[in-house]
Structure formats: structure tokens, C-alpha cells
Amino acid sequence: VLELVRGMQKGSEDRKISLSRLRWALQNKETQQKFVRLDGSIRTLIGLFTSSLADMQMEAARCLHELSHSSDPAVAEACLPVTSYLLTYLSGHSVEFTELCLYTLGNLVVESEAVRKQLLPQGIIPVLASCIQSPHEAVLEGLGYVLSQLLQAKEAPTEIIPLVLDSVLPQHMLRLVCSGLKAGIGAAVEFAWCLHYIICSHTANTALLSLGALPALSSLLLDLASEMAQDAPEGLELLVCPVLRCLGNLLAEETSCNVQIQDKRLLIALFLILQCFFQQHPFIVQECLWLLNNLTADEPFFCSALLSLDLLPALLQLLPCSQMASVLVLTVLCNIAEKGPAHCQQLHQQRALPLLLPTLALSNPEVVGQCLELLHLLFLHWPEAAADFVRQGGHQALEQHQSTPELQERARALLDMVEQPLEASAFSPCHTTLSAFS
């Protein structure tokens, strides 16, 4: 390492060779630590990074980028003197050079609070805001990466998000996300996660709603579903996931929001996405169900639409997918059943009961508990379902849970209901709206 640093201090040819060798050497964790501990090493590298020789500057930028990959906070803090230059160079030079500077900044802010605290007074947010209108996809993707790292910092809600909201960044992020594949899927994905982190802070939803985030993201989801109906581009699930999260989080925080997006096509889009990604990307199932829950939680429109569009069979097929999927499917069904007798009658007529019996046989208390909640609502609003349940052997399925501490009270109450179908039992109301994914 000492030899390489000495080479960097010699003539231009020696410098270039030494820088190139150093770049490869800095991929090693131990070499990174030795380099930053060596007196004058960072100062020499910064000198070359700020030189007027473009090829030397680029090679020094690559070395700094390798250093930024270190998970050692001491290495990140050794790079503190270069942060102001990294910001300055975002406004010019080549696309490749700007991209390198962005990813170096993004890597540094992940590992060091000291770096973040230095960058904020240096004006990183206004500088990033000036970059967001770049026509270059690579620059936009790098910019999205830096922002997403900043927005995940523990101090983001109090120190970073207010600065972001005061800039032009939110409206441009929303625009780039909603342009979807046109702006490049990589950039759209990064900015979609940025919006997700902002929404999860619970301080910015009013601002985002005023920008039209809800109808814009809903429209994007319809576009993404139509892409899948034809031929889903590779990596599309990477964009679908944060878009679902953003919509679900906005609905979780603002119960009046779903009035703004009463569009049956949203349900069709969700089930198209489920159908497309069910096998290869099962994590999308949970994301879709979570959004479906928050759409149906307080709004009869989507409950009625789900039944009228004959989507119940497709929903019930997801019951065995996973524990979380089972809980979410049952919660959506509770949302529907809560709307009263007409909805419960349709659930009964569309043969929901036969699929609930195997669920009662499961050993997971959370899944069984949600199933019991659904049965209570069905029996309360549509007593014919209770009689049918007994005919299908439901009485025995309930009896097996009388010895489970967390389920015995509810199982006993349901047994009382099926023995006396017209008598309502005391159940706690179903808590339907799920809090935001973070």
C-alpha cells in the first residue's frame, strides 16, 4: 500500500499505473483499512481526484468508489474531506463520472452518520434536486440510490425528509415513478422506494396527496398490470412491489383516500398481478393482499366490487399460500362480512364455508383466530351459514380449539352461536386496517 501511495505521488505515468493497481487492491477489506490509516494517503487521492487531468480524475474516482464500499465506519469517516468535492462534481463532467460520484456518496451515507451530518449543511438536498431533471437514466438511477439511502437513515424523519419536502424532489420523484418503464425501470424502482420511505415517516402524506400521489400511483398500477397482460418485461416485479407498498401505506394513513380511487379496475389489476407473479415471485402475493385489505377495510365499494366481479374464488385460492397470506385473505373476508347481511349472504352463496373448514384444522393460532372472527361475522349477519356450517362438520372443528388458551373463548362463543343460531355472542370487532409496512 505504501508503495502504491508513493507511486501516486510521482510522474503522471507512474500515477496512472499506481491508481489502477490501487483500485483493484481496494476491493480487499484489509487493504482499505491499511490505506486510510496511512498518513497522507487520502490527501494524495483527493489531490488526484481534483486534478485537471480527466483520466487521472476518473481513476481516482474509481478508487474512492471502492473505498465507499467498506462496511467499516472508520473508512467512511476517513473519506469525509472528499464529500464537498463529490457534491461539486455532480453538476458537470461526463455521465460516467457523475454516476460514480453519486454511488460513492450513496455508499458513504449508508455507513456513517458523521458523513450524513456533514453532507446536509453542505447542501446535498438542493444539489440532488438540481440533478433530478437529468436526461440520463444512469444519473437518475444513481440519484435515486443516494436519496433512498438518505431516507432510510434514523434521523431522516426529523432532519432529512423536511428538507426533501421543501425541495422540488417529491413532484419529480412521483413523475419519474409514474413514467414507469419510459424513464428506465432502474430509476423508477429507486424513486418508488424513496416515496415509500417518505410515506412511512407519517409526516409527508398530506404533501404527497396534494401532489396527486394516490390517483397517479393507482393509474401506474393499472398500466403495470396491462404490461403483464401482454408480456411482462424482466424485473417488473421490482417496481410493482414499492408501488403496492406506497398505495397501501397511503390508504392505511388516510381512510378517506379510497373514496378518491373508486375504480373497479384496481381490483382486476391486483388479481392480474397476483396471477402473473404467484409462482416466480410469491412475495408479491403478500404485498397485493395487504393493499387489497386496506382497500376493503372501510369502503363498501371495493367489498361489493370484489364480489360482483366474481373475484372471490381467486381470493380463496390464496388461503394455503403461506401463514401471512392466510391471515390477510381472512382479514379481507372479514372486511366484506362486516358490511352486513347482503355481503355475508354472497360469501355463503359463493361457497366460502367449505374452504374455511380446512383452515380451522391448522395449528397456527393467528390464522385460526382470524378464521373464527370471520365465522362469527358470517353467523351473526347470516344465520343460515351457521346451520350449513354444522351440516358440514364444523361443530367438531370448533370443539378441537376449546383447549387452546388463546382460542378457547372464541371457539366456545361460536359453539354457542351454532347451537343457538339466532343468539348473538360477544366478540371484539375485527381490526381491519393494517398499519404501514416499513
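The values are calculated or read from the model by the stated rules, or taken from the named source; none is laboratory data. Only a predicted model underlies this, so the values are computations on that prediction, with no experimental measurement involved. Cβ placement follows ideal geometry from the backbone for every residue including glycine, while neighbour counts extend to all protein chains displayed. When the accessible area is computed, the model is the full protein with side chains, heavy atoms only, and any ligands, DNA or RNA have been set aside. Shrake-Rupley method; radii C 1.70, N 1.55, O 1.52, S 1.80 Å.
Taking residues in region 219-238 that are open to solvent by 70 Å² or more (accessible area, probe 1.4 Å), and partners anywhere that are at pLDDT below 85 and assigned to a helix (DSSP H, G or I), the pairs with Cβ atoms closer than 9 Å and at least 6 places apart or on different chains are 223/180; 223/181.
A count restricted to region 120-130 and to residues that are in contact with a helix residue (DSSP H, G or I) (Cβ under 9 Å, 6 or more places away or on another chain) and open to solvent by 10 Å² or more (accessible area, probe 1.4 Å) stands at 7. Residue check, residue 293 against (1) without any contact (Cβ under 8 Å) to a residue 60 or more places away in the chain; (2) assigned to a helix (DSSP H, G or I), all met but one. Which one? Every condition holds for residue 293 apart from (1). Every condition in (1) under 13 Å from residue 59 (Cβ atoms); (2) touching a Phe, Trp or Tyr at 6+ places or on another chain (Cβ under 6 Å) holds for residue 41 except the one numbered (1). Selection of region 296-324 for residues being β-branched (Val, Ile, Thr) and assigned to a loop (DSSP other than H, G, I, E, B) yields an empty set. Looking across region 238-261 at every residue that is in a loop (DSSP other than H, G, I, E, B) and polar (S, T, N, Q), the one that is modelled with the lowest pLDDT is identified as 255. Any residue at all in region 325-345 that's more than 30 Å from residue 216 (Cβ to Cβ), not in a helix (DSSP H, G or I) and not charged (D, E, K, R)? Yes, region 325-345 contains at least one residue that is more than 30 Å from residue 216 (Cβ to Cβ), not in a helix (DSSP H, G or I) and not charged (D, E, K, R).
A quick yes/no check of all residues on (1) touching a Cys at 6+ places or on another chain (Cβ under 8 Å); (2) without any contact (Cβ under 8 Å) to a residue 12 or more places away in the chain; (3) open to solvent by 10 Å² or more (accessible area, probe 1.4 Å); (4) in a loop (DSSP other than H, G, I, E, B):
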{"residue": "163", "(1), (2), (3), (4)": "no, no, yes, no"}
{"residue": "170", "(1), (2), (3), (4)": "no, no, no, no"}
{"residue": "192", "(1), (2), (3), (4)": "yes, no, no, no"}
{"residue": "198", "(1), (2), (3), (4)": "no, no, no, no"}
{"residue": "203", "(1), (2), (3), (4)": "no, no, yes, yes"}
{"residue": "206", "(1), (2), (3), (4)": "no, yes, yes, no"}
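The residue of region 57-108 that is least open to solvent (accessible area, probe 1.4 Å), among those that are without any contact (Cβ under 8 Å) to a residue 40 or more places away in the chain and of a type in the set (Phe, Trp, Tyr), is 89. Is it the case that some residue within region 40-51 is polar (S, T, N, Q) and not in a helix (DSSP H, G or I)? Among the residues of region 40-51, at least one is polar (S, T, N, Q) and not in a helix (DSSP H, G or I), which makes the answer yes. Of all residue pairs spaced 6 or more apart or on separate chains, those with beta-carbon atoms under 6 Å, a first member in region 349-376 that is of a type in the set (S, T, N, Q) and a second member that is open to solvent by 50 Å² or more (accessible area, probe 1.4 Å) are 364/323.
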